[in-house]
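Asker: Pasting in a structure now, in structure tokens, and then I'll have a few things to ask.
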């Protein structure tokens, strides 16, 4: 029987365009559930796709600092996140979240259906 050889999947190899990078980060925002280290790791994936040395230069950080900040093992400061986002050509945006019905009824004193 032939041996199956597998290789580790690296998302950075598949992030080729700014649109793909933005879509990947947007998906990670949805999946992170408040985990800043998860977002930092996603930014690290995008930075590797663009080239860590160039991103570090553009962000005004050392390459080593950038690797540490985006390793996913820690939560970098928000100023670092903003510098990296700018260096990657990405931006954050805010969107109003629609409250779910039960929360909205509770907040206005409603008892809910029934």
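The values are calculated or read from the model by the stated rules, or taken from the named source; none is laboratory data. All values reported here derive from a predicted model rather than from experimental measurement. No Cβ is skipped: glycine too gets one built from the backbone with ideal geometry, and neighbour counts run over all protein chains shown.
Asker: Restricting attention to segment 1-24, which residues are modelled with pLDDT of 95 or more and in contact with a helix residue (DSSP H, G or I) (Cβ under 6 Å, 6 or more places away or on another chain)?
Answerer: Hits for segment 1-24 are 15, 21.
Asker: When only residues in segment 70-85 that are surrounded by fewer than 18 Cβ atoms within 10 Å (Cβ to Cβ) and assigned to a loop (DSSP other than H, G, I, E, B) count, which is modelled with the lowest pLDDT?
Answerer: 74
Asker: (1) touching a residue at least 60 places away in the same chain (Cβ under 8 Å); (2) assigned to a helix (DSSP H, G or I); (3) surrounded by fewer than 18 Cβ atoms within 10 Å (Cβ to Cβ): which one isn't true of residue 21, the others all being true?
Answerer: Answer for residue 21: the failing condition is (3).
Asker: Which members of segment 86-105 meet the condition of being outside any loop (DSSP other than H, G, I, E, B) and either loosely packed, with under 11 Cβ neighbours inside 10 Å or over 15 Å from the mean Cα position of the chain (by Cα) (or both)?
Answerer: 101, 102, 103, 104, 105 - these are the residues of segment 86-105 that are outside any loop (DSSP other than H, G, I, E, B) and either loosely packed, with under 11 Cβ neighbours inside 10 Å or over 15 Å from the mean Cα position of the chain (by Cα) (or both).
Asker: So which residues in segment 44-64 are at positive phi and surrounded by 14 or more Cβ atoms within 10 Å (Cβ to Cβ)?
Answerer: none
Asker: Out of curiosity, is residue 39 more than 14 Å from residue 87 (Cα to Cα) and either touching a helix residue (DSSP H, G or I) at 6+ places or on another chain (Cβ under 9 Å) or in a loop (DSSP other than H, G, I, E, B) (or both)?
Answerer: Numbers: more than 14 Å from residue 87 (Cα to Cα): yes; either touching a helix residue (DSSP H, G or I) at 6+ places or on another chain (Cβ under 9 Å) or in a loop (DSSP other than H, G, I, E, B) (or both): yes.
Against the criterion (more than 14 Å from residue 87 (Cα to Cα) and either touching a helix residue (DSSP H, G or I) at 6+ places or on another chain (Cβ under 9 Å) or in a loop (DSSP other than H, G, I, E, B) (or both)), residue 39 qualifies.
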